[in-house]
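The next block holds one structure in the form of structure tokens; read it before the comments.
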Amino acid sequence: LVSMATERKSDEFWNQPRFPPKKPLITKGRLRKAQLVEFFTKCQEMLLSADTGALFRQARKEGRDINKLAIKWQHEMFEHLGIHRDFGVDSLKNIKVNFPSDQSMPGLLMRFAKICQCSVMKAMMPYARAGDKPRRFPAKKTLVNKGGVMPKHAILTFFHRCAEMLRTPETAKLLREAHNRGEDLQSLSIRWQREIIENLGFDQEFGVNSMMLIPLYYGQDRRLMMEMQLFQQVCGRVVKQAMAPVLTADLDVSKRRFKPQKGKLLSKGPLPKKMYLKYFSKVIKCLNSDESVRMLKEAKARGEDIGLRSVQWQREIFESIGVEQEFGVESLNRLAIDYPKDKELQMEMLKFAKACAEVVKKADPEGVKKAMEAQKKRMEEMKKAQMAQRGGAPGQEKVVKGTVVKPAPKPAPKPADTKEAPATKDVTKDAKKGEEMSEEDMALMMMMMAMEEEKKKNGEKGAE
């Protein structure tokens, strides 16, 4: 299935059971914890498998609803394990009722909902498989593909190896050449990343799944979450610059305002504190100068983007003090990770950020005002969209990940006397928290509603 043909499949192909049912089916009673754990485990393996990924991509090409497809397979998995699908869905809905004292069961259900989301998100990402074309990074002979997710140290190694690879002149050259040939740069970058996963000794699908599940397995590790965000920024920035290299310092050194230091530039970190201080000092002095304001005003008169021009100077300054520009930009983003308690560096970083904003404001005050108004408008629109997604008007239907669901009913109002009663203070506080639905609760609610909707539709078809 991984190398599945791309021709359009018939409805018969998509409607046929992927997992045959086991007879007889359980239709009543109460499922044991072991049975539900087995369902969650089997579904996770199925949803994150390479075969499911191939089927999802094929379905998307054909314009089919992959959310409904995922729910269909989950229903089939229930019956494959000898549990009637309707009884299985009801058992998930009633998991807190059936296991009132087992705190692990709601957590397992929430984890299952998140994995369902991840499998659909993964199918919607650009796809490229290591090994389909000549490799840039060789794979190890033995690849790990079991054990939940990659260990934390291996994930950190992957992030650092990928960041170093993406910053190299070789990568920039390969991406520019690929862009000129009309290739998809995201897919190319993803293929290299998958090659690095196998170069570290992990199966590429297992590695990609590990990256998708980082918030689920390591969500409490602040450092790892920050490393993941930096990795995502590097991936986006490198591809963007290959398509439109306007942010980088001019490759023609003679045109630069600040000439690069001779010799090999520092490109691996962490960047020493003294280099941060040297950089901040030089940039702040540059941007606060009358000469910089004058040059930016002249650039604006020529129709140039003065924000980009300022960024180019900042990148030139990195190389003028002996730091490779891409590594320098990444180091700025890493400052809070590498020097989390250094107040001096944090203060200098704030001064640097202020100087960057002030110089553009001095050169084009009207443009900055318009940009701020536009940003404010965008934020208001985003806020309205988020509010609409969390719940529309009473009784209004909304589409959530391809499935039409009705908003959950509003909770009943609390009795007025509970607010002031000292004995119920903690209870009412918890009740208020319960009214504010978290992302996890929302994900779980949507999954359950979607499964219930499919159950009803299948029941109606059966009645016909």
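The values are calculated or read from the model by the stated rules, or taken from the named source; none is laboratory data. All figures in this text were calculated on a predicted structure; none of them were measured in a lab. Because the Cβ atoms are built from the backbone with ideal geometry, glycine has one as well, and the counts that use them run over all protein chains shown. Areas reflect the complete protein model, heavy atoms only, side chains present, ligands, DNA and RNA absent. Shrake-Rupley method; radii C 1.70, N 1.55, O 1.52, S 1.80 Å.
Things worth noting here:
- Tally, over the range 282-295, of residues that are open to solvent by 70 Å² or more (accessible area, probe 1.4 Å) and in a helix (DSSP H, G or I): 5
- Scanning the range 113-122 for residues that are open to solvent by less than 40 Å² (accessible area, probe 1.4 Å) and closer than 17 Å to PHE206 by Cα gives ILE115, CYS116, CYS118, SER119, VAL120, LYS122.
- Of all residues in the range 40-67, those being part of a helix (DSSP H, G or I) and either free of Cβ contacts under 8 Å to residues at least 40 places away in the same chain or farther than 15 Å from GLN117 by Cβ (or both) number 13.
- Pairs with Cβ under 6 Å, 6+ apart, first in the range 359-371 and closer than 22 Å to GLU291 by Cβ, second outside any loop (DSSP other than H, G, I, E, B) and open to solvent by 50 Å² or more (accessible area, probe 1.4 Å): ALA363/LYS297; ASP364/LYS300; VAL368/LYS361
- Looking across the range 130-151, the residues that are surrounded by 18 or more Cβ atoms within 10 Å (Cβ to Cβ) and out of contact with any Leu (no Cβ under 9 Å at 6 or more places or on another chain) come down to ALA130, ALA139.
- Test: residue in the range 44-64 that is closer than 23 Å to ASP203 by Cβ, crowded, with 19+ Cβ neighbours inside 10 Å and among the small types (Gly, Ala, Ser): yes
- Yes/no for GLU298 being free of Cβ contacts under 8 Å to residues at least 60 places away in the same chain, over 16 Å from GLY367 (Cβ atoms), surrounded by fewer than 20 Cβ atoms within 10 Å (Cβ to Cβ) and not β-branched (Val, Ile, Thr): no
- The helices (runs of 4 or more DSSP H) found entirely in the range 322-436 that carry 3 or more residues being modelled with pLDDT under 85 are 365-390, 425-435.
- ASP11 meets each of the listed conditions (1) farther than 28 Å from ALA59 by Cα; (2) modelled with pLDDT under 90; (3) not aliphatic (A, V, I, L, M) apart from (1).
- Count of residues meeting criterion [open to solvent by less than 50 Å² (accessible area, probe 1.4 Å) and either under 14 Å from CYS43 (Cβ atoms) or within 28 Å of the chain's Cα centre (by Cα) (or both)] in the range 66-103: 19
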